[in-house]
Amino acid sequence: MTNYAEEMLAALRLGQVEKAKTAFVSSLKEDDDDMVFSLAEDLYAMGFVDESKTAYKHLLEKYPDEDQLKSALAEMAIEEDNMEEAQDYLAQIRPESEAYLQALMVKADLYQQEGLKESAELSLNKAREIAPNEPIVAFALGEFYFSTGEYNKAIALYRGLLLQGQRHIAQVDLAARIGTAYAAVGNVDNAIAYLEQIKAVDMTIDTKFQLAFLYQEQDNVDQAIEIYEDILDQDPHYTSVYPLLGQAQEKKQEQKQALQTYQAGLSYDQTNPLLFRLAAGLAFRLQEDELAKEYYEKSLALDDMDITTILAFADFYLALHDMDAVIALINQAKEKDLVDPKFNWDLGRAYHAKEDDVKAKEFFENAKVDYADDVSFLTDLADFYHEIGAVKEEKATLQKVVELNPDNFDLAERLADLEV
């Protein structure tokens, strides 16, 4: 007897679409119901959702009381964003049904997609009451908590599954999940401990990236660099690596190598303002001023609302004593309604360098509101007051600096001279 279901699956694997369609029609007519049910499951797993749905509906016409079919069809309806159809199928499954457990989990998925988190959690907890020792139910609840940011609850469920001898469920490595969850709550040591349990050959590229990032957080720069380089050997288009690898190399004082890393990243991704900004800052520190300016400009061309880049570019112009450029850059930012307290400080420095001390004083004193306890700013302010001959203001500012930093003997001596 011909097994049309197997014939269809074989044709699909060979890319013989027309033959598969013919075999599918024959399967629904000639194969026994168990074969058609298995075919529906296989088609769904292979991504042929429409054909799978057709097979399930064919069976449901013959077995209208078969709740397992309704649960499967509800799951497909959710994937197709047909929530009303999904609800209709699920509503038909009663608590006494053998399919009720699966229906609760499908219902939780439906609720979660509709933003009804409390209802989703309630459905999953009800499922756990029915089957307290069923790993897939505990996993589903853990995944729910993981997705909603309740990481400690997720960790407890995942660890419970590990203690039961479960390591992989639904192609998810529980050690990786636990490590990620610990990282999310800031427990870096535990996060690393779990991620290190995964063999290198079993690690996904995303897990490698997370482990490297955590090593970098702990200043284990060499280990981080080793993994970052391994990721790029595996996939040089994984552009999230380049900024972090470059910063790790800078930490090791490998400045030229770091700049090459940023530039390599830019060769794959010209749309990353962070990479341009990091490359600009490093180019400036390496005294490649024109290159630094080019990178800052490209960064702002991608995101002209990025205050971090604007401030870094302003510092660049201040270091080059191009005060007109500083003033123009910050005024352009203010025209876009961007606000940052350092704008006042930088404008104060710029106007003072241009000998426009009326404007300089206005901006310096505006900045004082936000930098009242900042020793660097107060030192700049004291120098400004000294240069314009405002002795009383200079003295008061130096008193504040010495109060904040009594070990600054130079400024303490300068204050003492003023008091004499």
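Some observations on this one:
- Local electrostatic count, ALA120, Cβ distance below 10 Å [Lys/Arg +1, Asp/Glu -1]: -2
- In a simple Cβ point-charge model (Lys, Arg +1; Asp, Glu -1; nothing else charged), the stretch 215-292 has a dipole of about 280 debye relative to its Cα centre.
- Residue order, fewest to most beta carbons within 10 Å, for VAL375, VAL401: VAL375, VAL401
- Reference-scaled alpha-carbon Rg (2.2 N^0.38 Å with N residues) for the stretch 1-109: 1.11
- Euclidean distance between Cα centres, the stretch 381-420 to the stretch 261-339, Å: 34 Å
- Length available on full extension from ARG159 to ALA319: 0.36 nm per residue minus the Cα-Cα distance, which gives 52.2 nm.
- Reachable lysines, given that their alpha-carbon falls under 30 Å from the alpha-carbon of LYS359 and they are not under 8 places away in the same chain: LYS293, LYS334, LYS336, LYS342, LYS368, LYS392, LYS395, LYS400
- The long axis of helix 117-130 is offset from the longest Cα principal axis of the chain by roughly 50 degrees.
- Fraction in percent of alpha-carbon pairs per bin - 5 Å, the stretch 215-292: 3, 17, 28, 24, 18, 8, 2
- Most positive-pole-ward Cα, ALA176, LEU90, PHE48, against dipole of the chain from beta carbon charges: ALA176
- The stretch 74-127: GluC sites (Glu not before Pro) falling in loop per DSSP and having at most 14 other Cβ within 10 Å: GLU80, GLU96, GLU98, GLU114
- Packing, taken as the mean count of other beta carbons within 10 Å per residue, orders the peptides 149-160, 56-67 from highest to lowest as 149-160, 56-67.
- Loop-located trypsin sites (Lys or Arg not before Pro) across the stretch 240-341 with a Cβ neighbour count of 15 or fewer within 10 Å are LYS252, LYS336, with loop assigned by DSSP.
- By average C-beta atoms within 10 angstrom, highest first, the peptides 405-414, 216-225, 240-249: 240-249, 216-225, 405-414
- The chain, relative contact order [Cα under 8 Å, separation at least 6], %: 4 percent
- Of the residues ALA301, ALA292, ALA390, the one that moves most in a GNM of the chain with alpha-carbon contacts below 10 Å is ALA390.
- Helix 100-113 and the longest principal axis of the C-alpha atoms of the chain enclose an angle of approximately 30°.
- Sites ALA184 and GLU118, calculated FRET efficiency, Cβ-Cβ separation with R0 22 Å, nearest 0.05: 0.55
- Over the residues of the chain, the helix contribution to mean residue ellipticity at 222 nm works out to -23500 deg cm²/dmol, using -39500 (n - 2.57) for each DSSP H run of at least 4.
- Least to most buried among ASP42, ASP32, ASP383 (fewest other Cβ within 10 Å first): ASP32, ASP383, ASP42
Quick note: the coordinates plus some simple rules give every number you see, no bench work behind them. All figures in this text were calculated on a predicted structure; none of them were measured in a lab. Positions of Cβ are generated from backbone atoms using ideal geometry, with glycine treated the same way; all protein chains shown enter the neighbour counts.
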